[in-house]
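Quick notes on the structure that follows.
The values are calculated or read from the model by the stated rules, or taken from the named source; none is laboratory data. A quick note: this is a predicted structure, and the numbers were derived from the prediction, not measured. With ideal geometry, Cβ positions are generated from the backbone for all residues, glycine too; neighbour counts draw on all protein chains shown. The protein model used for the area step is the full one, side chains on, heavy atoms only, and it has no ligands, DNA or RNA in it. Shrake-Rupley method; radii C 1.70, N 1.55, O 1.52, S 1.80 Å.
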Amino acid sequence: DRESTYLSQYLLRRSFKSNKEHNVYPALKLLHYGMKFLSLSTSALAAALLAGVTHAGFPDEGDGKVSRRLARMLEKGAIRNSDGTVSVLVRYKDEEGHAVADSLDRDGHGHVISERSRVEVINANVEDIENLAKNPHIEMVELDQEVHALPNMRANDVDADKGRRRLQDVEETPYGINMVNPNSPTPRLQQGENSIKICVVDTGYDNGHEDLPTLVVENDGYSPYGDDELWNEDGHGHGSHCAGTIGAIGGNNVGVTSVNPISEKFSFFIGKGLRNSGSGTTAGVMEAVQKCVDAGAKVVSMSLGGGGFSQLVYDQYEEHYNIDGVLIIAAAGNGGNSGYSYPASYKYVMSVAAVDSNRNRASFSQFNDQVEIAAPGVAVKSTLPGDQYASWSGTSMACPHVAGVAALVWSHFPDCSNKQIREALIATAEHPGAGGCDNEYGYGIVNAKAAHDYLLNRGCDFSVGETLGGCNQCVECTSAPTSSPTAFPGCPGNEKYFKLELKTDNWGSETSWKVTSPTSGEVTAGGGYQSSTTYTEKRCIQSDACTFEISDSYGDGICCSYGQGSYTVWVNGVEKGSGGEFGSSDTANLCTSDPPTTAPPTPGPSAAPSAVPVAPPTPAPVAAPVVPPTPAPVTPPTPAPVAPLTPAPVAPPTP
């Protein structure tokens, strides 16, 4: 109520004056914000402030447990249930920790995702999350996040968006099959005698489709979402489309053929990581992948994304890759920018870009230093529920081409490891440009026969280098990898060359930008960035695109409260604006011929400096509970008071 708010404001001011040496202000400010959505009592707040306790409410970020991160995640949209509880991922250290986590679940018990990793999901009250994270028997806490099927992208040569039936006695070979496994100059690579199990983690599978293998309902799939979301049904179509590229039945004079057309020589396992609506949860995807591995899958295909970096997901995929010998392949993303999409950008996952029928990178295909390989992803024909077929576009369509080729090659070399199969695929990929590796194509377009011949010559006894992902992955490739997208050689007609250099702060996922024109509106944009990372964006834009706007969704700019972020924009080599200290947004005029200037920033809430920087993009296992909302992992500090700061009290942001 109003009286409680006045009291908390008074106590905040008093605490700031009397406890600066303890650096309690950042945590206390969060407590004040937290009263709006956590129902913290005024008496508890007063006691904490007057005592000068750093760990009151949300601990300071330096504690390494729950902090400002939890507040931001809640504000951005945690997965809340109808009863007000929040879906939380927990890694417990021992059975006592398991019991503690279960006790906070609304039903008195959580749902175990992985016994080996000691990870479960619970539905807990918000006010219990802090205490859970502080418990010495709990290793890590993260909020569950929403994930989704990457959308079907429209493209120039798409000949069908909606499903349609095919005539009987007609079977088509989609152009993508010929591209990744050409029939000339040598015959197409046929399936080997060793059956490889491929898992498709997606929206389900249209079991009974005329052109898909019929699977055993009791054994060949799993859904973490209950009886209303069966794995052998696909109310969306995305999963069935991806499965068709991998293994639609060939030689039956129906529909389309696939990378693995003989169903008796491979097997499917379906993990329904996404509901029929096309969305799901991090917990649901994690459990679906775990069930795939438990069922013996060697290749996992995931055409999905959403949420930011998750240490728990990273750790799970590292285990599957290094311990279980599984090759995980994911779609790079459809943002058409250099942002990182997950799970594709984890280094233990192969990130797949999309090309069209002319082998050009699709305009929507994400480009960054984790892109490792490319495959057809524009106007790809495949199966849809109800004995239908359609051409869809997206990196979602490229991903199953690579997954299918991986299984096809592996069927000839069952003694090779997942790491050796990965190296064979990228060492022999065909780059449509000058060769080597870049952020747009990775090492190039996957080629089944070339990868097969590579292993035929080398065998399965060679060693592979450190797992790094992207252009740093292949140690045997002859050309030195490049670390940035292909430079624009020049812009056609009256278009001008736009360049942005962006360094993100500790909350990179909050940063986005756009360029607009008075005649066309938004002409280009970017977002989805990793924290504490430098990016270079290069675009050709129309001549009347005059307004550049950079935004921070939290309203505290990109410098200097939580990291040293900055930006600079150029047009045709002339600097047009720069900055970093702003509130919600900042703009620059891309059409002026005057010296570079930056428009006055839009005011936004300021924030206290963070005492602990975010770790570099390459993550390491975390020892203390963390709730990371950004793509960058957090290095766990030892709980201890941090250096004193001198912040200024500000009004709380509107939730």
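General observations
- Between the beta carbons of GLN564 and HIS109, assuming R0 = 60 Å, the FRET efficiency works out to 0.85 to the nearest 0.05.
- Equivalent ellipsoid dimensions for the stretch 308-381 as semi-axes, Å, which come from the Cα gyration tensor, largest first: 25, 14, 8
- With both labels modelled 7 Å from their Cα along Cα-to-Cβ, the ASN81 to LYS538 distance reads 5.1 nm.
- A Cβ-based charge dipole, computed about the Cα centre of the stretch 385-483 with Lys and Arg at +1 and Asp and Glu at -1, lands at about 60 debye.
- Evaluated at q = 0.13, 0.16, 0.17, 0.20 Å⁻¹, a Debye calculation over the C-alpha positions of the stretch 287-348 (equal weights, vacuum) places log10 I(q)/I(0) at -0.33, -0.49, -0.56, -0.75.
- Where GLU233, GLU172, GLU95 fall by accessible area, highest first, once all protein chains stay in place (1.4 Å): GLU95, GLU233, GLU172
- The Cβ shell under 12 Å around HIS148 holds other residues with a net charge of -1, Lys and Arg each +1, Asp and Glu each -1.
- In order through the stretch 400-417: 3J(HN,Hα) via Karplus (6.51 cos²θ - 1.76 cosθ + 1.60), integer Hz, x for Gly, Pro: x, 4, 5, 4, x, 5, 4, 5, 4, 5, 4, 5, 8, 9, x, 7, 6, 8
- Euclidean distance of C-alpha centroids, the stretch 322-363 and the stretch 288-314, integer Å: 14 Å
- Computed E for THR214/VAL574 - FRET, C-beta separation, R0 51 angstrom, nearest 0.05: 0.20
- Three-way shape call for the stretch 372-479 based on the alpha-carbon gyration tensor, with the a/c threshold at 1.5: oblate
- Paramagnetic reach from GLU581 (point 7 Å along Cα→Cβ, amide N under 19 Å) across the stretch 491-517: 503-507
- The Cβ shell under 14 Å around GLN370 holds other residues with a net charge of -2, Lys and Arg each +1, Asp and Glu each -1.
- Among the listed pairs LYS291/LYS347; LYS298/LYS449; LYS265/LYS298; LYS272/LYS449; LYS419/LYS499, those whose Cα-Cα separation exceeds 26 Å are LYS272/LYS449; LYS419/LYS499.
- Descending by average beta-carbon neighbour count within 10 Å, the peptides 395-404, 543-552, 282-291 line up as 395-404, 282-291, 543-552, the highest first.
- VAL170 versus SER363: modelled label distance in nm, points set 7 Å from Cα along the beta carbon direction: 3.0 nm
- Cβ-placed point charges (K, R +1; D, E -1), dipole of the stretch 159-280 about Cα centre in debye, nearest 20: 380 debye
- Stretching PHE462 away from ASN322 to a fully extended chain increases their span by 48.8 nm, per 0.36 nm per residue minus the current alpha-carbon distance.
- The label-point distance for THR186 and ALA525, in a model that sets each label 7 Å from Cα toward Cβ, rounds to 4.7 nm.
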